[in-house]
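Just so you know, all these numbers are worked out from the coordinates, no wet-lab data involved. All of these numbers come straight from a predicted model, not from anything done at the bench. Positions of Cβ are generated from backbone atoms using ideal geometry, with glycine treated the same way; all protein chains shown enter the neighbour counts.
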Amino acid sequence: MTIDLILFLILAVVAIATALGMLLSRNAVYSALFLVLNFATVAVFYVLLGAPFIAMAQITVYAGAIMVLFLFVIMLLGAEKTPGNPKWSDYILPAGLALVLVLESIYLLISRGVPSGEIVQPEASVNSVDFLRQMGMALFNEYLLPFEVTSILLLVAMVGAIVLTKQEKGGRG
Amino acid sequence: MVPVNYYIILSAILFTIGALGVLVRRNPLIMFMSIELMLNSANLAMVAFSSAIKSLSGQIFVFFVIAVAAAEVAVGLALIVQIFKSRHTINVDEMNSLKG
């Protein structure tokens, strides 16, 4: 057992437990907070995988912006506790189907041995400015068109959100 | 040294929990959070593969996925707020008409 494997196993338990907490919480605010913890755990996975930039983006965009938006809407609508929470018996059929799905996919992955290889410990250079420079070079050279398309997508989403929530004056509601 | 298989299995489990949330929960906000969880598990698999083959492309794709998820959440939550305003409920079982 190397230190990487021990870290991975502990973090995996935390990630799965927080995901289940998100799924099973009766209160939507608790669900959101569990999900924040899950995103933070996944960010630590990214650091382990040698992707510090993605880890920071994960923290700021997911755990920061997106979940604050979620909490804001939950509290705005007062939707912490909606009626019609599922009973335990409601989980049986979907959970059985999901279990079949996950077992089958894991069996296929293991038996074919397709994703082979190991994640070796990333070099310390991953945490240097040079790594960010490489990433920026790839982003603005090789992936320039997707980058620009993403900016247009964000603009469209912003306009869409404003149009959807705008109060129409004198028009149809 | 963690085999890349482990990351893929973890990603599969997280994805399945997300799918279960969409199937079982009837609160659209929690269904939305489950969708985020599924996107996130796909991102984890992508970064794991990108790290295994020592290429930056996977990480850059994850960056794009995060941007698209942010856009999706903004529009989706705006839709949920609008639906709540017009119908005064957010139980998805009671949303059975497209007419506002």
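For the reader, a short list of remarks on this structure follows.
- Residue order, fewest to most beta carbons within 10 Å, for A:Y30, B:Y6, A:Y107: A:Y107, A:Y30, B:Y6
- Cβ-based exposure ranking for A:V13, A:V129, B:V47, in which fewest neighbours within 10 Å come first: A:V129, A:V13, B:V47
- For region B:4-94, the C-alpha radius of gyration sits at 1.30 times the compact-globule guess of 2.2 N^0.38 Å, with N the residue count.
- For region A:53-101, the set of chymotrypsin sites (Phe, Trp or Tyr not before Pro) satisfying both a DSSP loop assignment and a count of at most 15 other C-beta atoms within 10 Å is empty.
- The convex hull defined by the C-alpha atoms of chain A has an orientation-averaged projected area of 15.6 nm².
- Estimated purely from DSSP H runs of n ≥ 4, each contributing -39500 (n - 2.57), the mean residue ellipticity at 222 nm for chain A is -22000 deg cm²/dmol once divided by its residues.
- Cβ-based exposure ranking for A:I16, B:I8, A:I66, in which fewest neighbours within 10 Å come first: A:I16, B:I8, A:I66
- Region A:1-82: C-alpha pair distances exceeding 15 Å, %: 60
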